[in-house]
1. Can you list the residues of segment 25-52 with backbone N under 15 Å from a point 7 Å past the Cα of LEU12, pointing along Cα to Cβ?
2. For the pair GLN161/THR216, report the inter-label distance in nm, with labels modelled 7 Å from Cα in the Cβ direction.
3. How large is the helix-only mean residue ellipticity at 222 nm for the chain, computed as the sum of -39500 (n - 2.57) over DSSP H runs with n ≥ 4, divided by its residue count, in deg cm²/dmol to the nearest 500?
4. Just to verify a number: FRET efficiency for GLU98 and ASP254, C-beta to C-beta distance, R0 = 35 Å, to 0.05?
5. Provide the packing ranking of 122-130, 79-87, 165-173, i.e. peptides ordered by the mean count of other C-beta atoms within 10 Å per residue, highest first.
6. For a label point 7 Å from the Cα of LYS118 along Cα→C-beta, name the residues of segment 34-67 whose backbone N is under 17 Å from it.
7. For the chain, what relative contact order do you get, as a whole percent, if you take Cα pairs closer than 8 Å and at least 6 residues apart?
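Rule-based calculations on the coordinates, nothing more; no lab input. The structure displayed is predicted, hence computed values, not measured ones. A quick note on method: Cβ atoms are made from the backbone with ideal geometry, for glycine too, and the neighbour counts reach across all protein chains shown.
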Amino acid sequence: MERFEEYLKSNLPQVPSFHPVYELALSQMLLAGGKRFRPMLLLSIVDAYEPLLYEGALPVAMSIEMLHTYSLIHDDLPSMDNSPLRRGQPTLHVLYDETTAILAGDALNTDAFYILSKAPLRADIKIKLVELLARDGGGRGMVLGQALDCYFENKPLTLDQVKVLHSNKTAKLIAVSLQMGAVIVQLDKSIQDDLYSFGLDLGLLFQIQDDIIDETQSEEEAGKTTGNDTDKNSFVNLLGLDESLSQANILAKDLQRRFENFDKKLQTALTPLMDKYLHRHI
């Protein structure tokens, strides 16, 4: 984590101009913290199998964090969730204005692929990484999930539909972080597929846990706006709090079982993150 944080702070977007806040806005939410879960998934796999590629993987991890941060900036906009707080700090449209927030998100989205393209890795590996991140971060993945989430506010969905929504909006970027790490170290396709499938269910668990946090924690405890899912197709709204807790526990146990079937290198690499996040305090 410290190595990634140091890299991130040393490689923040630098776009000097006479705009008074543009360059600052590009960095503000990147510096606001967050779990860095997605980049750490990727880097943990690289470090376990090919530690000599770790430095080369840092810009790839940064690209995932930039894409994730853009999605949060846009998710908080007045036209979407209209959230005033993110990562314990005021959101960009509150700090500045909506235009600045939209453009900062746009810049981080595209700059994520710019920094990925500059990574000191083989060209064929980078092309595959661009393909995967664009697939799951774009119109076939995260953006589709956001579109479903926004369009179906106040329109109840079935449980299967809610899973499709959150598989796209949240889970795919987690899953592809694992897969991209596996691509960098050239693990077998079957292992890549197992990691991706594991990541999808891990992402669903994260979403159920976040829905529970929204229902049960204060803004100070969560570090973001809570009580904001009243009109959303959340797991808590669909299943109720008790059943959501039950579903989270069932999913966590299944993930633990599958995790124990990974090879020892993979288990060693991911155990600290799994211990910290698989059973988050909710």
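1. Within reach of a label on LEU12, which here means backbone N under 15 Å from a point 7 Å along Cα→Cβ, segment 25-52 contributes 25-34.
2. Those two pseudo-labels are separated by 2.8 nm.
3. Calculated at 222 nm, the ellipticity per residue is -22000 deg cm²/dmol.
4. 0.25
5. Details: 122-130: 15.1, 79-87: 17.2, 165-173: 23.2.
Output ranking for 122-130, 79-87, 165-173: 165-173, 79-87, 122-130.
6. It comes to 55-67, nothing else.
7. Numbers: 359 pairs, mean separation 54.9, N = 282.
That works out to 19 percent.
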